[in-house]
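Below: one structure, written as structure tokens.
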Amino acid sequence: YSYASQEHKKARILRYCILRLENGISDECVQDVYGDDSKEKDHILLGAFDGELLVGTVNLAPTGGNSLLLNALAVHDSRQGSGIGAQLVRYAHRVAKEQGFHSIRLMARSNVVEFYKKLGYTPTGTTEAYPQVTLMEMIRDLK
């Protein structure tokens with residue numbers, strides 16, 4: 001989907017509900033839905049749909065050179081565990097490779113590290129700690 005489209009607006013709400021509200025991160029994160037999203041103009045925005053319903057979303061953000069940052073993978077509550085997240089990530093790999101990127105990096109919450117390992121990501125050993133969550137950097141070569 002494209003930036004500032006109806007689908008993009010739906011994706012921002014889905015990300016907020018899944019990634020923020022369910023994880024106890026609230027007030028300052030309202031910016032995710034209602035704040036400035038101009039940084040996403042250059043992102044590759046991907047979604048999974050069931051008819052008109054957006055059931056999953058993921059962003060690929062250019063980081064310079066031949067690398068992307070996989071951001072904000074979110075799957076609707078009613079579809080979690082059905083394989084949509086893995087399908088979206090695999091599709092993101094194909095799109096990135098087709099566009100000439102060589103690697104994808106991400107910051108994973110501890111509860112999804114194994115999910116990303118199954119999709120070919122390797123922990124780099126770098127972590128970022130926040131009051132609500134600790135994130136682990138992971139990378140996948142696309143060559």
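Under a Cβ-only charge scheme (Lys and Arg +1, Asp and Glu -1), can you give me the dipole magnitude of the chain about the Cα centre, in debye to the nearest 20?
520 debye
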- Calculated FRET value between residue 98 and residue 129, using beta carbons and R₀ = 30 Å, to 0.05: 0.30
- Query: Using the Cβ atoms and a cut-off under 9 Å, what net charge is assigned to the surroundings of residue 124, where Lys and Arg are +1 and Asp and Glu are -1?
  - Reply: 0
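Given a cut-off of under 8 Å on Cα pairs at least six residues apart, what relative contact order in percent is computed for the chain?
Values: 218 pairs, mean separation 26.6, N = 143.
Relative CO of the chain lands at 19 percent.
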- Query: Based on Cα positions only, what radius of gyration and what Dmax would you give for the chain, in angstroms?
  - Reply: 14.5, 40
- Considering only protein heavy atoms and a 1.4 Å probe, what is the carbon-and-sulfur percentage of the accessible area of the chain? 48 percent
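Quote the relative contact order of segment 47-96 in percent (integer), defining contacts as alpha-carbon pairs under 8 Å separated by 6+ residues.
33 percent
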- Can you tell me how much longer the chain between residue 9 and residue 49 gets when fully stretched, taken as 0.36 nm per residue apart minus their C-alpha distance, in nm with one decimal? 13.0 nm
- Can you pick out the pairs among 97/117; 10/143; 10/117 whose Cα atoms lie more than 21 Å from each other? 10/143; 10/117
- Query: Can you list residues whose amide H is under 5 Å from residue 76's amide H, if they're 5+ apart or on another chain and H is modeled 1.01 Å from N?
  - Reply: 56
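The values are calculated or read from the model by the stated rules, or taken from the named source; none is laboratory data. No experiment lies behind these values; they were computed from the predicted model shown. Please note: Cβ atoms are built from the backbone with ideal geometry, for glycine as well, and neighbour counts cover all protein chains shown. The accessibility values were calculated without ligands, DNA or RNA, using every heavy atom of the protein model including side chains. Shrake-Rupley method; radii C 1.70, N 1.55, O 1.52, S 1.80 Å.
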